[in-house]
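**Student:** This structure is in structure tokens; I'll ask about it shortly.
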Amino acid sequence: MGGCGAKMKIVVLTGAGVSAESGLGTFRDTNGLWTQYDLEDVATPQGFARDPALVHDFYNARRRNCISAAPNAAHEALVGLEKSKQHDLILVTQNVDDLHERAGSTGVIHMHGALMGALCASCDARWDAPAEMAADAPCPTCAAPATRPDIVWFGEIPYHMDDIMTHLEACDLFVAIGTSGTVYPAAGFVDLAGQAGADTLEINPEPTGGGFDQVIAGPASTAVPAWVDSLI
Ligand code: BJW
């Protein structure tokens, strides 16, 4: 995994922990979002059907937080890794914030959707999210009053799975940064990459014990830049 070898294909998977030091809450840590909200209410299609206004309030507030947050040194280090072109980097994120893009990463694969996107629950049209989204806002394509956040909720199929699987099968190194490894299918990526022959690395201040070959125990803002420095 050192800096002097051949060009590697690296798949990085990020979770809420990479944005924690930008002030965006994680889900399952102390004071995480799931200690304040019931995930069944705000992150399932059934919860949205029961109370769309509550779900929109939840995501409108998170969108406001995201807009006022800034990328941290971990997001920036991943841009440095991409720009160095010394390795092929595929960046997959479970996060719905846009901090990777605002740091300068390109081609980020958002498997759980995007806070800045709106989706029509009637015709599947997508458009840029307004600052405040409401369920009865008409879809710009079909006019149905069926606006929802473009977010993958529990029980829905994550986006770009075919592409992600292809990248996992072909990578030399899989790195999980700031994710608890509790939500599938992302939680299974380490095993899939390992079975395909990749080395696996976890970066997390509280390592998950998820079967990685190597672990760097530390916060993303210092551990990710140090890891990137070791590669380029
Ligand atoms: C730091 C740090 C710092 C702190 N630096 N690190 C039973 C068994 C197996 C599976 C299932 C099951 N029952 C149901 C399922 C499936 C279900 C699932 O996995 N449920 C589990 C709860 C068991 N999954 C689904 O339903 C998914 N769909 C699916 O499986 O479809 C079937 C299918 C798949 C593939 C192909 C075909 C079909 C959909 C999952 C949707 C997840 N959605 C959410 C919410 C929406 C997005 C949003 O609102 O933001 O996505 S849930 C939430 O969890 C969010 C996150 O993306 C996701 C992962 O959380 P993450 O990022 O790991 O955050 P935390 O808080 O858990 O962890 C933070 C970590 O950061 C910690 O480890 C800290 O230590 C660390 N950290 N500070 C670095 N400074």
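**Student:** Which value results when the Cα radius of gyration for region 151-191 is divided by 2.2 N^0.38 Å?
**Tutor:** Working it through for region 151-191, the quotient is 1.21.
**Student:** Got a sec to turn the phi values of region 135-150 into Karplus ³J(HN,Hα) couplings, 6.51 cos²θ - 1.76 cosθ + 1.60 with θ = phi - 60°, whole Hz, x for Gly and Pro?
**Tutor:** Karplus values, whole Hz, x for Gly and Pro: 4, 8, 5, x, 5, x, 8, 10, 6, 5, x, 9, 6, 9, x, 8.
**Student:** Given the DSSP H assignment, sum -39500 (n - 2.57) over each helix run of at least 4 residues in the chain and divide by its residue total; what's the result at 222 nm in deg cm²/dmol, nearest 500?
**Tutor:** -9500 deg cm²/dmol
**Student:** OK, next. Percent of accessible area on region 89-209 owned by carbon and sulfur, 1.4 Å probe?
**Tutor:** 52
**Student:** Quick check: with the 1.4 Å probe, what order do 37, 159, 184 take by accessible area, largest first?
**Tutor:** Sorted descending by solvent-accessible area, the residues read 184, 37, 159.
**Student:** The chain: longest stretch without exposed GluC sites (Glu not before Pro) (DSSP loop, at most 13 other Cβ within 10 Å), sites themselves excluded?
**Tutor:** After excluding every exposed loop site, the longest remaining stretch is 1-131.
**Student:** Counting only heavy atoms of the protein chains, get the accessible area per residue of region 140-232 (1.4 Å probe) and round it to a whole Å² value.
**Tutor:** Ligands and nucleic acids excluded, the figure is 46 Å² per residue.
**Student:** For region 91-172, how big is the tail of P(r) above 16 Å, as a whole percent of Cα pairs?
**Tutor:** When every Cα pair of region 91-172 is considered, 57 percent fall beyond 16 Å.
**Student:** For the chain, what proportion of DSSP beta bridges, expressed in % and rounded to the nearest 5, is antiparallel?
**Tutor:** So the antiparallel bridges in the chain amount to around 30 percent.
**Student:** Any chance you could list the semi-axes, whole Å, largest first, of the equivalent ellipsoid that the Cα gyration tensor gives for region 32-154, using √(5λ)?
**Tutor:** 29, 17, 13
**Student:** Under 11 Å from the 7 Å Cα→Cβ point of residue 41, by amide nitrogen: which residues of region 85-106?
**Tutor:** What the label zone holds, given the 11 Å backbone N cut-off, is no residue at all.
**Student:** Still on this structure: Note the direction-averaged projected area, equal to a quarter of the hull surface, for the Cα convex hull of region 174-213, in nm².
**Tutor:** Result: 2.4 nm².
**Student:** To continue, here is another question. Binning at 5 Å from 0, report for the chain what percent of all alpha-carbon pair distances ends up in each bin.
**Tutor:** It works out to 1, 7, 14, 18, 19, 16, 11, 8, 4, 2, 0, 0, in whole percents.
**Student:** Rounded to the nearest whole Å³, what is the per residue volume of the convex hull around the Cα atoms of region 23-95?
**Tutor:** Spread over its residues, the Cα hull of region 23-95 gives 116 Å³ apiece.
**Student:** Using DSSP to call loops (not H, G, I, E or B), can you name the chymotrypsin sites (Phe, Trp or Tyr not before Pro) in region 163-232 whose Cβ has at most 10 other Cβ atoms within 10 angstrom?
**Tutor:** In loop regions of region 163-232 (DSSP not H, G, I, E or B), there are no sparsely surrounded chymotrypsin sites (Phe, Trp or Tyr not before Pro).
The values are calculated or read from the model by the stated rules, or taken from the named source; none is laboratory data. Keep in mind it's a predicted model, so treat the numbers as computed, not measured. For neighbour counting, all protein chains shown are included, and Cβ atoms are generated from backbone atoms with ideal geometry for every residue, glycine included. Protein only, heavy atoms only, side chains kept; ligands, DNA and RNA dropped before computing areas. Shrake-Rupley method; radii C 1.70, N 1.55, O 1.52, S 1.80 Å.
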